[in-house]
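The values are calculated or read from the model by the stated rules, or taken from the named source; none is laboratory data. Fair warning: this is a prediction, and the values are worked out from it, not measured in the lab. FYI the Cβ positions are ideal-geometry reconstructions off the backbone, even for glycines, and counts take in every protein chain you see. The accessibility values were calculated without ligands, DNA or RNA, using every heavy atom of the protein model including side chains. Shrake-Rupley method; radii C 1.70, N 1.55, O 1.52, S 1.80 Å.
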Amino acid sequence: MASDANTAGEPADAPVPPPEHIAPDEPPESTGTVIVAGLAGLAIAVAKAVAGVVSGSGAMLAEAAHSVADTVTGVLPPTALRRSARPADEEHPLGYGPERYVWAVLASVATFVGGAVFAVYGGIRTLAHGGTPGDPLVSYLVLAVAAALEGVSLTRGVRQLRGRAVRPGAPARRPLRHTPRPAVKAVTTEDSAALLGLLLAAAGLAGGQLTGSTVWDGIASLLIGLLLAAVAWVLGSSNAALLIGRPLPPRMRESVREELLTVPHIVEVLELTTLVQGPTEILIAAKVNFRDVASAEQVEWACEDAEQQLRQRFPAIRRVYLDPTPGVHQVRPGSRPGTAPGPGAPHDPVASPGVRGALPRSGDTPSSDRRSAGP
């Protein structure tokens, strides 16, 4: 996206934040930090489970399962960051960036299986068999402590999102929707769901305490299960879209096209393909029509200039491949008019020898992440 991305009237599908403002990835958490966070999550889960047994609340047991699922999903993001940060090699010429989305999808599956299924089962069982409510005091205390901890974590996540927003102080919902950082999205979404789940569990306890019926507790457990299923679906579908391959939003694609047209000797961008490979990894591939009178050397340096300009304007761009392609109305020398293939017709996507920035054949390895590939 252009630097004017903070102007009024920004479309809803604009990236938030634009990649030219994306900071380098946060370093993966240390092993000790991950272990401490995991132990804290398990301690909260155990406390909820004990409170659920004491009070006879299925909703508290559902919240215990929720905490276990959150603990598992909290361990996966640091693992994903480490594995996705590995440099490109011959077996994976475009790097390991998308692997973080594989782990994020696995985390959403853990949330669904470990939390949603158990909570729904517990709610149905409570509604079917009933029971006698116990003393809810311990459950209220555990819920209060858990709400305080989740609130601190959520506040931190929202601050991170607002810090990456295009406009200072802008709402965090748009960065949450468009961010390609699965860890930030997972933590913020799950903390929000955790707070809502705690409220549902408290409502179920209060309903049982006031009426002497476990129906309210069963309903709360069902709602917690449905909430976790919704969270798992949102996180799974968004990360699956990034794993499959999501392009840049329309406005940024147009900015990339405009930037290419400012390069000397480039007269037309016939086709533009963009791919988000990670939070700070974007691939650009384009079929470009150069001036007919441009020499091979001028085309080579134009490809170099195009990559430098794009990377200077959008630091998140890591790879640029340009394919010199004849324009729509150009005719192959020696052929009859009207028989030359247009840019949309099948043709060899590899540029002529000696041209930097050509699209690689299948299996080729880019010569450098910082330079356009060449034969």
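Only residues that are aromatic (Phe, Trp, Tyr) and either out of contact with any helix residue (DSSP H, G or I) (no Cβ under 6 Å at 6 or more places or on another chain) or free of Cβ contacts under 8 Å to residues at least 12 places away in the same chain (or both) were counted in the range 115-160, giving 2. Among the residues of the range 88-109, which ones are under 15 Å from ARG318 (Cβ atoms), surrounded by fewer than 21 Cβ atoms within 10 Å (Cβ to Cβ) and either in contact with a strand residue (DSSP E or B) (Cβ under 6 Å, 6 or more places away or on another chain) or in contact (Cβ under 8 Å) with a residue 40 or more places away in the chain (or both)? Scanning the range 88-109 gives ALA88, PRO93, LEU94, PRO98.
For every residue, the table says whether it meets (1) among the acidic types (Asp, Glu); (2) over 30 Å from ASP292 (Cα atoms).
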residue: ILE224; (1), (2): no, yes
residue: LEU228; (1), (2): no, yes
residue: SER237; (1), (2): no, yes
residue: LEU243; (1), (2): no, yes
residue: PRO247; (1), (2): no, yes
residue: ARG257; (1), (2): no, no
residue: LEU260; (1), (2): no, no
residue: PRO264; (1), (2): no, no
residue: GLU268; (1), (2): yes, no
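Note on the range 48-75: among residues that are over 17 Å from PHE118 (Cα atoms) and surrounded by fewer than 21 Cβ atoms within 10 Å (Cβ to Cβ), the one that is modelled with the lowest pLDDT is VAL75. Restricting attention to the range 110-130, the residues that are of a type in the set (Phe, Trp, Tyr) and open to solvent by less than 20 Å² (accessible area, probe 1.4 Å) total 0. Exactly one residue out of THR79, THR7 is surrounded by fewer than 18 Cβ atoms within 10 Å (Cβ to Cβ), among the polar types (S, T, N, Q) and at pLDDT below 50: that is THR7. When you look at ARG164, is it within 20 Å of THR73 (Cβ to Cβ), at pLDDT below 70 and open to solvent by 30 Å² or more (accessible area, probe 1.4 Å), yes or no? No.
Within the range 272-308, the set of residues being closer than 16 Å to LEU260 by Cβ and either in contact with a helix residue (DSSP H, G or I) (Cβ under 6 Å, 6 or more places away or on another chain) or among the β-branched types (Val, Ile, Thr) (or both) comprises LEU272, THR273, THR274, ILE282, ILE284, VAL288, PHE290, VAL299, ALA306. Evaluate the range 175-194: report whether one residue or more is more than 30 Å from ALA294 (Cα to Cα), open to solvent by 40 Å² or more (accessible area, probe 1.4 Å) and either over 17 Å from the mean Cα position of the chain (by Cα) or at pLDDT 80 or above (or both). Within the range 175-194, one or more residues are more than 30 Å from ALA294 (Cα to Cα), open to solvent by 40 Å² or more (accessible area, probe 1.4 Å) and either over 17 Å from the mean Cα position of the chain (by Cα) or at pLDDT 80 or above (or both).
Any residue at all in the range 127-144 that's closer than 22 Å to ASN239 by Cα and in a helix (DSSP H, G or I)? Even if it seems obvious, please write down each step before you answer.
Narrowing the range 127-144 to residues closer than 22 Å to ASN239 by Cα: none.
Within the range 127-144 (the criterion being closer than 22 Å to ASN239 by Cα and in a helix (DSSP H, G or I)), the answer is no, since none of the residues qualifies.
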